[in-house]
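To start, the structure itself, in structure tokens.
The values are calculated or read from the model by the stated rules, or taken from the named source; none is laboratory data. All figures in this text were calculated on a predicted structure; none of them were measured in a lab. Using ideal geometry, Cβ is built from the backbone for each residue, glycine included, and neighbour counts are taken over all protein chains shown. For the accessible areas, the whole protein counts, side chains as well, though only heavy atoms, and no ligand, DNA or RNA atoms are used. Shrake-Rupley method; radii C 1.70, N 1.55, O 1.52, S 1.80 Å.
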Amino acid sequence: MAQSRPILYTYFRSSCSARVRIALNYKGIDYESRAVNLLKGEQTSNDYTELNPSKLLPYLVIDGNGLSQSVAIMEYLEEAYPGKPLLPEEPSQRAHVRAIVNAISCDIQPLQNMRVLLTLPEEQREEYARKIISTGLAVVEKMLEKTAGDFC
């Protein structure tokens, strides 16, 4: 029986989903994209919640597995589809890439996503998100200075 195409539940404004779309495209993995509109609350629908109880994006169905969390999905893709690697070969370079990924996915993105921002008064959201993003990206820029053009 032929393997069905992977299905990526995604939203065009989701940076987490964008990471996975980039990895899938870079590795040349053909997939079906299914939009879940976060602004309309589609991630809280019964159908999507049954599929992914965290009610977050992205969610990838691939090789008979349902995977959540963008970094975990990218790690799966790296291990299951090693033909075109996402990471450099040398261990210290791999660690550096992972540190950059974590700076973005742990220190910047979660603090400015919709789930967090909705806990703040509306008039504070934009300033808070801007501060988190600019502070975090300044750190990432410093990290990239060491290897710009080599593998990042």
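Given LEU117, LEU137, LEU111, which one is closer than 22 Å to SER17 by Cα and either among the acidic types (Asp, Glu) or in contact with a Lys or Arg (Cβ under 6 Å, 6 or more places away or on another chain) (or both)?
On the way: LEU137 fails: either among the acidic types (Asp, Glu) or in contact with a Lys or Arg (Cβ under 6 Å, 6 or more places away or on another chain) (or both); LEU111 fails: either among the acidic types (Asp, Glu) or in contact with a Lys or Arg (Cβ under 6 Å, 6 or more places away or on another chain) (or both).
Just a single option satisfies the conditions, and that option is LEU117.
The conditions are (1) under 14 Å from the mean Cα position of the chain (by Cα); (2) open to solvent by 50 Å² or more (accessible area, probe 1.4 Å); (3) more than 20 Å from PHE12 (Cα to Cα), and GLY149 fails exactly one of them. Which is it?
It is condition (1) that GLY149 fails.
Considering only residues that are without any contact (Cβ under 8 Å) to a residue 12 or more places away in the chain and surrounded by 13 or more Cβ atoms within 10 Å (Cβ to Cβ), look in the stretch 93-109 and name the one that is nearest to ARG13 (Cα to Cα).
ARG98
Filter the stretch 30-59 down to residues that are in contact with a Leu (Cβ under 7 Å, 6 or more places away or on another chain) and β-branched (Val, Ile, Thr), then give me how many there are.
1
I need the full set of residues from the stretch 43-55 which are touching a helix residue (DSSP H, G or I) at 6+ places or on another chain (Cβ under 7 Å) and on the phi < 0 side of the Ramachandran plot, in order please. Spell out the reasoning first.
To start, the set of residues in the stretch 43-55 that are touching a helix residue (DSSP H, G or I) at 6+ places or on another chain (Cβ under 7 Å) comprises 48, 55.
Answer for the stretch 43-55, where residues must be touching a helix residue (DSSP H, G or I) at 6+ places or on another chain (Cβ under 7 Å) and on the phi < 0 side of the Ramachandran plot: just TYR48.
Only residues that are more than 15 Å from the chain's Cα centre (by Cα) and under 17 Å from TYR26 (Cα atoms): list them for the stretch 59-82, please.
ILE62, GLU79, ALA80, TYR81, PRO82
Looking only at the stretch 63-73, how many residues end up being in a loop (DSSP other than H, G, I, E, B) and among the polar types (S, T, N, Q)?
1
Identify, from the list PRO82, PRO88, the residue that is surrounded by 12 or more Cβ atoms within 10 Å (Cβ to Cβ) and part of a loop (DSSP other than H, G, I, E, B).
That would be PRO88, the only listed residue that is surrounded by 12 or more Cβ atoms within 10 Å (Cβ to Cβ) and part of a loop (DSSP other than H, G, I, E, B).
If I ask for residues that are part of a loop (DSSP other than H, G, I, E, B), under 19 Å from LYS84 (Cβ atoms) and open to solvent by less than 60 Å² (accessible area, probe 1.4 Å), which ones from the stretch 19-62 would you list?
Within the stretch 19-62, LYS27, ILE29, TYR31 meet the criteria.
Among the residues of the stretch 122-135, is any free of Cβ contacts under 8 Å to residues at least 40 places away in the same chain, not in a helix (DSSP H, G or I) and not hydroxyl-bearing (Ser, Thr, Tyr)?
Looking for residues that are free of Cβ contacts under 8 Å to residues at least 40 places away in the same chain, not in a helix (DSSP H, G or I) and not hydroxyl-bearing (Ser, Thr, Tyr), one finds none in the stretch 122-135, hence no.
Report whether or not SER68 is among the hydroxyl-bearing types (Ser, Thr, Tyr) and free of Cβ contacts under 8 Å to residues at least 60 places away in the same chain.
Taking the combined requirement at face value, the residue satisfies it.
Answer with yes or no whether TYR76 is outside any loop (DSSP other than H, G, I, E, B), more than 25 Å from ARG130 (Cβ to Cβ) and open to solvent by 40 Å² or more (accessible area, probe 1.4 Å). Write out each step before concluding.
Working: outside any loop (DSSP other than H, G, I, E, B): yes; more than 25 Å from ARG130 (Cβ to Cβ): yes; open to solvent by 40 Å² or more (accessible area, probe 1.4 Å): yes.
Yes: the conditions hold for TYR76.
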